[in-house]
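The values are calculated or read from the model by the stated rules, or taken from the named source; none is laboratory data. Keep in mind that what you see is a predicted model, and the values were worked out from it rather than measured. Cβ: placed from backbone, ideal geometry, glycine included. Neighbour counts: every protein chain shown. Only protein heavy atoms, including side chains, enter the accessible area calculation; ligands, DNA and RNA are left aside. Shrake-Rupley method; radii C 1.70, N 1.55, O 1.52, S 1.80 Å.
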Amino acid sequence: MREIYLDHSATTPIAPEVQTAMLEAMREAWGNPSSMHLFGRRARDLIDESRVTIARALGCLDAEVFFTSGGTESDNMAIFGAARVAPAHRRHIVTTTIEHHAVLHACQRLQEDGWEVTYLPVDPYGMVDPDDVRRAIREDTWLVSVMHANNEIGTLQPIREIAQICRERGVWLHCDAVQTFGLLEVKVDELGVDMLSVSAHKLYGPKGIGALYLRGGVKIAPLLVGGAQERELRAGTENVPGIVGFARAVELCEQLGHEQARHIWYLRERLRQQLQECLPDMQVNGHPIQCLPGILSVTFPGVSAESLLIALDQRGIAASAGAACSAGSIEPSHVLLALGMDESRAMSTIRLSLGRGNTPEEIDIAVEIIAEEVKRLQRRAVASAPVQGI
Amino acid sequence: MLPVYLDHSATTPVAPEVLEAMLPFFDRAFGNPSAIYAIGQEAREAIERAREQVAHLVNADADDVYFTSGGTESDNWAIKGVARAWRDRKNHLITTPIEHHAVLEACSALREQGWEITFVPVDSTGMVDPDEVRRAITPRTGLITIMHANNEVGTIEPIAEIGAIAREHGIPFHTDAVQTVGKIPVDVQALGVDMLSISAHKLYGPKGVGALVVRRGTPLRPLLDGGGQERGRRGGTYNVPGIVGLGAAAERAMRCGVEEMERVRALRDRLVEGILQAVPDAVLTGHPVNRLPNNAHLAFAGVEGESLVLSLDAVGIYCSAGAACSSGDTEPSHVLVAMGIDPHLIEGSVRFTLGKDNTPEQIEYTIQQVVRAVNKLRSLRVSG
Ligand SMILES: Cc1ncc(COP(=O)(O)O)c(C=O)c1O
Ligand SMILES: Cc1ncc(COP(=O)(O)O)c(C=O)c1O
């Protein structure tokens, strides 16, 4: 059976060049970067070079990049770290209802400590209105956190406008760019953000490594303490091969440039159009234009997403319902509900997310299989529905 | 024969069989373990296997093993997570002045939140007296955290006795076992600990992955909060190859750890003996018997530890002055200060930590070179 991977928003396969670079780092530079001797210095040099690569991609200084264990830690570090240095009279955060749980749970935890959090609504496309941000910022607001692109529906947020407002009001802006970095251009100065989270495994790099960008002058408290690593903002022996792999992955994305996103968008449109033809009652979620090139969130009324995913899996297609992180839980997605979708439609929604390794041929096969399975499940649903109205 | 790497407490290379185990999870089985489809399934099964391997090594329940990004995160999580679980009901913790900075600084962070900290003293060998721990306990004590073995001088603490005291008083007990796991037998039941920190790169596993073993019922809130992984206690997409590597390293330690360490112990004993015989007034720091089998922490009066390290570096021998974690630091080691070591000796101390690939020839060479370098540095000092 042919396996077709359509879950690139959950994670991506590691690029062969990335793996090579990591293995080399493990063989040649396995020392502790804090060691003064040769073994340590070799590892330290690799970290320094990698930091420069990532800083260049983000358009920032290398001193503004801090390595973490991934997107979750970067989000937690930004929010808790900013909260820890807040003056007592500024304990209010503005965020949105569709953030990743790494942001939402961090905010909820701060609420336990007496912080106030405003969760902004989004429109039916999943877009935040910058004017809502403006209205939500108060005298006591310390931080705004809005994601660059949503991981379930792909909608891109108007970060520039939001950043403008934050700047005017003297409030820090954190942006979770885990889904966009590597695929779209993410330049911190153009976006105007103060903090930005990225994660390597979404861009064909390794799992367990990410980074937090902190604009010079933005002084937050560390989350992991106990060592002078990362200029005392993130303790712990550095994951050297992970860092090297991250940088190599970023380099590859830069080399592919716009071509990567164009290829993925082409496949996504091919998938959407063909599915729409076969399944006219399919609903596409998210913003039609302001969106990630690779995410297609679709609702098949009357079809259980879980049953569909299992059926697809049996036929070799890997996809997911909502975010991978919360897969396994059968709760309706908080993002879909925030769009104003009812529970039953949310439970009939799957996410197909495409990557640079997918081919047009794979898309055509996937369309055929998805259409067949959806129709089969729809028939079954009709057959087993209780007879009503008699 | 060269290079002679004698800094295994700073970090170890990934063992070939560990790397072998990790490789398939870089590419073939790359799926996100939280997904329901088949490639996610394979990753998930590999994680559960690793969990069992780690559990087996420390005699814990697999369900009690939580994967983290390393020893530092495990320490931070244990300390801050327990404090958070207590909320305002407890606000006192007991630790020692010789802990790793990951523990010390996490404790300092709690102090900012109103916690009071008691540092029970250590003797001149770096040993904690369990009775001192007992005396420090108050009704407000919500946590005891004492390391299993010290990373600088290698002294192994009486954790089982302290564990019994903690249990008697119903106080959560954490131990940083980053330096012991894989080197000496570690049994969470016998030690009576509720939480235990592990880091893979100290036992021939990869960097950037570790574990916190948490006995069921221990009050502990998450440190990293996100996607619901690790049964809702530690968010973040699984570092699958890393976790598989930690599991393989644990299994490796289970299989050959004891034998390997007996060999390393013999080499270490020879190194200490050789140096002490040939260098007048060199001293072994730390406990003479209760110490890590791979650790030789030596102090040379009249010599700068850093100069000695650099001299050895020039002849292909790699060791450290104090802990790697704090190198670059010009402060004298907090561990040696707490042990009451003479400042002149602190200045002249060097840590050799041996590993599985060191050979008798390397050790003889090291003895020779240490003798040569110390004599040279001392003569420079005298003439200067
Ligand atoms: C938008 C977003 N933020 C954060 C994360 C968490 O990143 P990581 O898996 O590296 O912890 C993810 C993915 O899981 C994500 O999609
Ligand atoms: C005793 C001890 N605890 C904690 C750590 C930190 O572990 P990691 O480097 O995995 O963060 C180290 C080593 O650096 C250590 O020796």
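Values computed for the structure shown
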| read-out | value |
| --- | --- |
| Any chance B:Glu105 is free of Cβ contacts under 8 Å to residues at least 24 places away in the same chain, in contact with a helix residue (DSSP H, G or I) (Cβ under 9 Å, 6 or more places away or on another chain) and assigned by TED's automatic domain parsing to the domain that holds B:Gly142 | yes |
| Long-range neighbours under 7 Å by Cβ, at least six apart or interchain, first residue at the interface with chain A (Cβ under 10 Å from one of its Cβ atoms) and among the charged types (D, E, K, R) within the range B:5-25, second within 14 Å of ligand 2 (Cβ to nearest atom) and assigned to a helix (DSSP H, G or I) | B:Asp7/B:Ala324 |
| Some residue of the range A:48-56 being within 16 Å of ligand 1 (Cβ to nearest atom) and assigned to a helix (DSSP H, G or I) | yes |
| Hits in the range A:184-197 (condition: more than 9 Å from ligand 1 (Cβ to nearest atom), out of contact with any Lys or Arg (no Cβ under 8 Å at 6 or more places or on another chain) and touching a residue at least 40 places away in the same chain (Cβ under 8 Å)) | A:Leu184, A:Val186, A:Lys187, A:Asp189, A:Leu196 |
| Residue satisfying condition, being away from ligand 2 (no atom under 16 Å from the Cβ), under 24 Å from the mean Cα position of the chain (by Cα) and more than 25 Å from A:Ala10 (Cβ to Cβ), within set B:Ala21, B:Ala15, B:Ala78, B:Ala50 | B:Ala15 |
| All positions within the range B:85-112 that are within 10 Å of chain A (Cβ to nearest Cβ) and surrounded by fewer than 16 Cβ atoms within 10 Å (Cβ to Cβ) | B:Arg87, B:Ser108, B:Glu112 |
| Residue selected from the range A:152-180 under the condition within 14 Å of another protein chain (Cβ to nearest Cβ) and part of a loop (DSSP other than H, G, I, E, B), by the criterion farthest from ligand 2 (Cβ to nearest atom) | A:Glu152 |
| Residue identified as crowded, with 24+ Cβ neighbours inside 10 Å and either in a helix (DSSP H, G or I) or modelled with pLDDT of 95 or more (or both) among A:Leu223, A:Leu252, A:Leu275 | A:Leu223 |
| Hits in the range B:65-84 (condition: away from ligand 1 (no atom under 16 Å from the Cβ) and either open to solvent by less than 20 Å² (accessible area, probe 1.4 Å) or at positive phi (or both)) | B:Val65, B:Gly71, B:Thr72, B:Ser74, B:Asp75, B:Asn76, B:Ala78, B:Ile79, B:Gly81, B:Val82, B:Ala83 |
| Test: residue in the range A:82-96 that is within 29 Å of B:Ala10 (Cα to Cα), away from ligand 2 (no atom under 16 Å from the Cβ), at the interface with chain B (Cβ under 10 Å from one of its Cβ atoms) and of a type outside the set (Gly, Ala, Ser) | no |
| Helices (runs of 4 or more DSSP H) contained in the range A:69-151 and holding at least 3 residues within 16 Å of the chain's Cα centre (by Cα) and at pLDDT 95 or above | A:71-84, A:101-112 |
| Selected residue [of a type outside the set (Lys, Arg), surrounded by 18 or more Cβ atoms within 10 Å (Cβ to Cβ) and within 26 Å of B:Glu230 (Cα to Cα)] from A:Val335, A:Val298, A:Val244 | A:Val335 |
| Selection status of B:His287, more than 19 Å from A:Asn32 (Cβ to Cβ) and under 17 Å from the mean Cα position of the chain (by Cα) | yes |
| Residue within the range B:66-74 that is farther than 28 Å from A:Met36 by Cβ, within 16 Å of ligand 2 (Cβ to nearest atom) and more than 12 Å from every other protein chain (Cβ to nearest Cβ) present | yes |
| Failed item, numbered, when B:Asn239 is tested on (1) away from ligand 1 (no atom under 16 Å from the Cβ); (2) in contact (Cβ under 8 Å) with a residue 24 or more places away in the chain; (3) among the polar types (S, T, N, Q) | (1) |
| Qualifying residue in the range B:40-55 (condition: within 16 Å of ligand 1 (Cβ to nearest atom) and without any contact (Cβ under 8 Å) to a residue 12 or more places away in the chain) | yes |
| Index of the failed condition, A:Ser35 passing every other in (1) in a loop (DSSP other than H, G, I, E, B); (2) buried (at least 24 other Cβ atoms within 10 Å of the Cβ); (3) in contact (Cβ under 8 Å) with a residue 60 or more places away in the chain | (3) |
| Yes/no for A:Val250 being more than 18 Å from B:Ser69 (Cβ to Cβ) and among the β-branched types (Val, Ile, Thr) | yes |
| Residue check, B:Val153 touching a strand residue (DSSP E or B) at 6+ places or on another chain (Cβ under 9 Å), touching a residue at least 60 places away in the same chain (Cβ under 8 Å) and either over 16 Å from B:Val213 (Cβ atoms) or open to solvent by less than 10 Å² (accessible area, probe 1.4 Å) (or both) | yes |
| Selected residue (only one of A:Gly192, A:Gly205, A:Gly245 is more than 16 Å from ligand 2 (Cβ to nearest atom), in the same structural domain as A:Leu143 (by TED's automatic domain parsing) and over 27 Å from B:Ala102 (Cβ atoms)) | A:Gly192 |
| Members of the range B:36-80 that are of a type in the set (S, T, N, Q) and assigned to a helix (DSSP H, G or I) | B:Gln41, B:Gln53, B:Thr72, B:Ser74, B:Asn76 |
| Flag for A:Thr53 being crowded, with 24+ Cβ neighbours inside 10 Å and in contact (Cβ under 8 Å) with a residue 24 or more places away in the chain | no |
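Residues checked against (1) at pLDDT 95 or above; (2) within 21 Å of B:Phe67 (Cβ to Cβ); (3) surrounded by 24 or more Cβ atoms within 10 Å (Cβ to Cβ):
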position	(1), (2), (3)
B:Leu143	yes, no, yes
B:Pro158	yes, no, no
B:Ala164	yes, no, no
B:Met195	yes, yes, yes
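Residue by residue, here is whether (1) open to solvent by less than 10 Å² (accessible area, probe 1.4 Å); (2) over 14 Å from B:Val370 (Cα atoms) holds:
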position	(1), (2)
B:Arg234	no, yes
B:Glu262	no, yes
B:Asp269	no, yes
B:Leu276	no, no
B:His297	yes, no
B:Phe300	yes, no
B:Leu310	no, no
B:Pro332	no, yes
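Here is a yes/no grid of residues against (1) at pLDDT 95 or above; (2) over 13 Å from A:Tyr5 (Cα atoms):
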position: A:Ser353; (1), (2): yes, no
position: A:Arg356; (1), (2): yes, no
position: A:Ala366; (1), (2): yes, no
position: A:Val374; (1), (2): yes, yes
position: A:Leu377; (1), (2): yes, yes
position: A:Arg380; (1), (2): no, yes
position: A:Ala383; (1), (2): no, yes
position: A:Val387; (1), (2): no, yes
